[in-house]
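Student: Before anything else, here's the structure in question.
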């Protein structure tokens, strides 16, 4: 009995201390106490703190509780003179800036403990009574033993909305198009390399032996290396110009520098180069695949309906509309990475075929190398053919924007790898083809091989497949140019996207049905739009935007002059060749 009486006395003293501490906290934090008013007992924002529970646990008083019973102003027993020293909670101490640690509306309810409760006071409390000591933010090893091991430390404020939610739900100027743009799929460096390399190692690689025939062996090697270095620099220069001007496209950069006339010039050059590439790719499909199918199935021309697979025009329509057209409907260039990888593999097959099958060519099909070892009279035509092969400037910002982390260093690495590997591939193809056929080398070196060579027919099929997967990349550029010029600052329109894609593919396919002169297409496009995109516009914009001196400025001046000279002379020669029907 004496032990129970002592326990009851300590409990009464503890209740008195808690009540007095509550009044002191209320006097510091409640504006109603300062103004002499009473707090609203049925307010939803009131916080009731129980002894032994979390100081910030929300509590709704029972319906029969009167305001007087909830008010902390009621009388309470005074602690005895010999009682324990008064505890001072860290919540009662003001913050360094003078602000109270507790909310302005805090009510304390003092209620008797259950006499049969345990010492930790967890009986009769909710499951979130996860603390006993007053300052629960103190991580004291001495207190760890007093905690219930079944509960974990909870956050101080549980009803505050996360900053990320408030930012995302607030009006910060983001449009739906921006959110869709950020959600569009991106590619890594490997996929970007595949797309850029596929843009370079395309139809132009098959004409590199012909370029060496026009320029001569040593001059052709020099031109190939020099133009590769120049193209690598101007590709990266386009991104630099875009950052200097604040524009997000090649067109916008030129317009920023030269106004409306610049926009017209770049739009024509970009569109003409990409569309000319689409026409050339359709021609190659018609020249390659029918011969392959006829060689694999000799009786195919005599079979009803299936004989169309050996007809050039029917094959162009079937394969372009069946393969290239669906791929061109993609809005995101990153989705063509796998197709680009397959195209690069097919180009490796072509290179291996030209190298290995050149030894099996009959002697009467081979030409002479005399008079064209060092230099020949077709240097400017060779520059046009090489430029057509290496120019992918119209794709540069698209590939840069498709990177998951678009930085200059990462894009520079993609550009270096793509141009270097493309140069090696073109050099191997040019040497293998030109050293085999000499002055008889044709614009499409595969046409120099016999039609009954199985390995060559496989290479023809791979080459046609490469054109089918590269054509959508050019359609991307044409569509982008048309959209930017005619509908600037407009949101994405799926109907317009479909109309542009369909009209581009169908019109390029129609032109390929009317002509089969691939060499004329190479020379004319390379002499006009390729020179403008690679050697004239990028350095001109750099001279306009940058005031930096040094070698870069002199290089930009030299590149611009070189491009203008080549464009003028090569265009005259290409047009003269078309007029003479050579």
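The values are calculated or read from the model by the stated rules, or taken from the named source; none is laboratory data. Note that the coordinates shown come from a computational prediction; the quantities given were computed from them, not determined experimentally. Glycine also receives a Cβ, built like all others from the backbone with ideal geometry; neighbour counts cover every protein chain displayed.
Student: Keeping to the stretch 497-520, report how many residues are in a helix (DSSP H, G or I) and at pLDDT below 80. Don't jump to the end; show me each part of the working.
Tutor: At the first step, the residues of the stretch 497-520 found to be in a helix (DSSP H, G or I) are 497-514, 518-520.
Restricting the remaining residues to those that are at pLDDT below 80 gives 518-520.
Final tally of qualifying residues: 3.
Student: Condition check: buried (at least 16 other Cβ atoms within 10 Å of the Cβ) and either part of a helix (DSSP H, G or I) or without any contact (Cβ under 8 Å) to a residue 12 or more places away in the chain (or both). Does residue 480 satisfy that?
Tutor: Yes.
Student: Let me ask something else. Here are 469, 451: which of them is part of a helix (DSSP H, G or I) and either closer than 16 Å to residue 283 by Cβ or in the same structural domain as residue 383 (by TED's automatic domain parsing) (or both)?
Tutor: On the way: 451 fails: part of a helix (DSSP H, G or I).
Exactly one of 469, 451 is part of a helix (DSSP H, G or I) and either closer than 16 Å to residue 283 by Cβ or in the same structural domain as residue 383 (by TED's automatic domain parsing) (or both), namely 469.
Student: Got at least one residue in the stretch 526-548 being closer than 24 Å to residue 231 by Cβ and in a loop (DSSP other than H, G, I, E, B)?
Tutor: So the first thing to find is which residues in the stretch 526-548 are closer than 24 Å to residue 231 by Cβ, and the list is 526-546, 548.
Now narrow it down to the ones that are in a loop (DSSP other than H, G, I, E, B): 546, 548.
Yes, that holds for at least one residue.
Student: Within the stretch 397-448, track down each residue that is over 18 Å from the mean Cα position of the chain (by Cα) and without any contact (Cβ under 8 Å) to a residue 24 or more places away in the chain.
Tutor: Scanning the stretch 397-448 gives a single hit, 424.
Student: Could I ask something else about it? Checking residue 491 against (1) assigned to a helix (DSSP H, G or I); (2) in contact with a helix residue (DSSP H, G or I) (Cβ under 6 Å, 6 or more places away or on another chain), which single condition isn't satisfied?
Tutor: Answer for residue 491: the failing condition is (1).
Student: Same structure, new question: Listed residues 327, 300, 296, 321; which is under 21 Å from residue 459 (Cα atoms), in contact (Cβ under 8 Å) with a residue 24 or more places away in the chain, assigned by TED's automatic domain parsing to the domain that holds residue 206 and surrounded by fewer than 22 Cβ atoms within 10 Å (Cβ to Cβ)? Lay out the reasoning, then the answer.
Tutor: Details: 327 fails: under 21 Å from residue 459 (Cα atoms); 300 fails: in contact (Cβ under 8 Å) with a residue 24 or more places away in the chain; 321 fails: under 21 Å from residue 459 (Cα atoms).
On inspection, the qualifying residue turns out to be 296.
Student: Of the conditions (1) at pLDDT 90 or above; (2) surrounded by 22 or more Cβ atoms within 10 Å (Cβ to Cβ); (3) closer than 15 Å to residue 198 by Cβ, residue 391 clears all except one; give me its number.
Tutor: Exception for residue 391: condition (1).
Student: Are there helices (runs of 4 or more DSSP H) fully within the stretch 175-291 with at least 1 residues that are on the phi > 0 side of the Ramachandran plot and at pLDDT 90 or above? List them. Full working, then the answer.
Tutor: Working: elements: 176-183, 189-200, 208-215, 217-245.
Output list is empty.
Student: Could you tell me how many of the residues in the stretch 401-445 are touching a strand residue (DSSP E or B) at 6+ places or on another chain (Cβ under 9 Å), part of a helix (DSSP H, G or I) and buried (at least 18 other Cβ atoms within 10 Å of the Cβ)? First the steps, then the outcome.
Tutor: Taking the stretch 401-445 first, the residues touching a strand residue (DSSP E or B) at 6+ places or on another chain (Cβ under 9 Å) are 402-404, 410-411, 414.
Still in the list and also part of a helix (DSSP H, G or I): 410-411, 414.
Filter once more, keeping what is buried (at least 18 other Cβ atoms within 10 Å of the Cβ): 411, 414.
Qualifying residue count for the region: 2.
Student: Now for a separate question. Please count how many residues of the stretch 421-439 are modelled with pLDDT under 90 and closer than 13 Å to residue 359 by Cα.
Tutor: First, the residues of the stretch 421-439 that are modelled with pLDDT under 90: 438-439.
Narrowing further to those that are closer than 13 Å to residue 359 by Cα: none.
Of the residues in that region, 0 qualify.
Student: Of the conditions (1) touching a helix residue (DSSP H, G or I) at 6+ places or on another chain (Cβ under 7 Å); (2) surrounded by fewer than 23 Cβ atoms within 10 Å (Cβ to Cβ); (3) not in a helix (DSSP H, G or I), residue 370 fails just one. Which one is it?
Tutor: Unmet for residue 370, out of (1) touching a helix residue (DSSP H, G or I) at 6+ places or on another chain (Cβ under 7 Å); (2) surrounded by fewer than 23 Cβ atoms within 10 Å (Cβ to Cβ); (3) not in a helix (DSSP H, G or I): (1).
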